[in-house]
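Every read-out reported here was derived from the displayed coordinates using simple, explicitly stated rules and does not represent laboratory data. Note that the structure is a prediction, hence the values are computed from the model and not measured. Positions of Cβ are generated from backbone atoms using ideal geometry, with glycine treated the same way; all protein chains shown enter the neighbour counts.
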Ligand SMILES: Cc1cc2nc3c(=O)[nH]c(=O)nc-3n(C[C@H](O)[C@H](O)[C@H](O)COP(=O)(O)OP(=O)(O)OC[C@H]3O[C@@H](n4cnc5c(N)ncnc54)[C@H](O)[C@@H]3O)c2cc1C
């Protein structure tokens, strides 16, 4: 449907922003993505994709290209990094496909982003504009305008803030200050498979849980690469994103872990560092012709591996609501927010609990291990049905 006020403007060309542009275009709407960086790109690290993400890829017609670039782990494994004990192992291959209709996958962020970008580039209704940093916007009631750092102005029918954790759009419509600094720091690195010690070279998503720390590793690009994420507690940093980490501090925070973990940490000479933040869930993130999506709307800690999955679910839901409400963007955005908020709030809050369990010490660690040891695979699948089951995802996509 043609809108005389211009395209739907999307600020931010991360996974959420480009997924939204594609979903809107497929629903017949013109979309323009405004990205501050000089090129559209993602950081060089891995990302886990739950079965709910593959449900979204099917809606976007991207199952083939994403699947071609995805590794599919045989198991999801939790190890205790002080004792070396395997605490739990859940079959993640055929068992997950059968249970939820879609697989569990591991992909390089750059690969996922590229698939979404290529689909946007191929679609005549999407415009991708880089080197455009939004500083302010106005909702005129019947249209919106966006102002940029270098004095340009863009006009559109509506505005979607997909501008991430430090969202400028959110600041103006929700006004709830800065994100919450969790005190958890993530170091990320990617290793060629040849450098991974043979005992760790398994086709699994492996999480080593330790006191106030954990290490996650998994294969990427059909086993060519290994993705590493090391997380520890530190109050040394307040803010910061994508800078180099301090290897000495990392090693000190993982003191006492078994050699299998230590060897993995020792392999990396230079880590990229992230100060992990989230926010309290909010119920309202739309105002008039403006709404939020992805981390701008509901930033979460990464312990459920769902931030990008939720952003892509948002994209499909938003496009469906826009398509269903004609030119009435205000109603479409309220409907979208209503459909999404409890699911995303549950993910935000559950991620915090998972983080506390991964980093447990003393009796809490013993209790975690006893609970996970006694949990059957069936109980795991049932417990995650709200997140992964296709009926639940269908509801969440509106
Ligand atoms: C260590 C770690 C591991 C993770 N692992 C997983 C995982 O396994 N699975 C998963 O699903 N999620 C994971 N996540 C979460 C996931 O990375 C994020 O939730 C997701 O990338 C959010 O996408 P987004 O598009 O909403 O925001 P972003 O990726 O932050 O994109 C925002 C974009 O907006 C642009 N921008 C910002 N301000 C402006 C402006 N003023 N003008 C123009 N452009 C602007 C930015 O340059 C950026 O390109 C992880 C996160 C971390 C930190």
* Asked: Is the shape of the stretch 326-395 rounded, prolate or oblate, going by the alpha carbon gyration tensor and its root eigenvalues a ≥ b ≥ c, with a/c under 1.5 for rounded and a/b larger than b/c for prolate?
  -> oblate
* Structure fact -> Most exposed first, judged by fewest Cβ atoms within 10 angstrom, 108, 147, 214 run 147, 108, 214
* Structure fact -> Taking a ≥ b ≥ c as the square roots of the eigenvalues of the Cα gyration tensor, with a/c under 1.5 meaning rounded and otherwise prolate when a/b exceeds b/c and oblate if not, the chain is prolate
* Fewest to most neighbouring Cβ within 10 Å: what's the order for 49, 342, 397? -> 342, 397, 49
* Structure fact -> The base-10 log of I(q)/I(0) that the Debye equation returns for the stretch 1-54 at q = 0.16, 0.30 Å⁻¹, one scatterer per C-alpha, is -0.59, -1.16
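For the chain, what's the relative contact order in percent, using C-alpha pairs closer than 8 Å and at least 6 residues apart?
On the way: 864 pairs, mean separation 85.5, N = 398.
Here the relative contact order equals 21 percent.
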* Asked: For the stretch 274-349, rounded, prolate or oblate, judged on the Cα gyration tensor with a ≥ b ≥ c (square roots of eigenvalues), a/c < 1.5 rounded, else prolate if a/b > b/c?
  -> prolate
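Arrange the following residues from fewest to most other Cβ atoms within 10 Å of their Cβ: 278, 295, 246.
Working: 278 24, 295 27, 246 16.
Ascending Cβ contact count within 10 Å gives the list 246, 278, 295.
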* Antiparallel DSSP bridges in the chain: what percent, to the nearest 5? -> 70
* Kirkwood-based shape ratio for the stretch 39-92, expressed as Rg/Rh from alpha carbons -> 1.11
* Structure fact -> re the stretch 91-192: pairs of Cα atoms spaced beyond 21 Å account for a percent value of 62
* Structure fact -> The base-10 log of I(q)/I(0) that the Debye equation returns for the stretch 201-282 at q = 0.10, 0.17, 0.21 Å⁻¹, one scatterer per C-alpha, is -0.27, -0.76, -1.09
* Structure fact -> Note: the stretch 248-398 at 10 °C, 1.306 mPa s; Kirkwood Rh on alpha carbon pairs; Stokes-Einstein D in µm²/s works out to 88
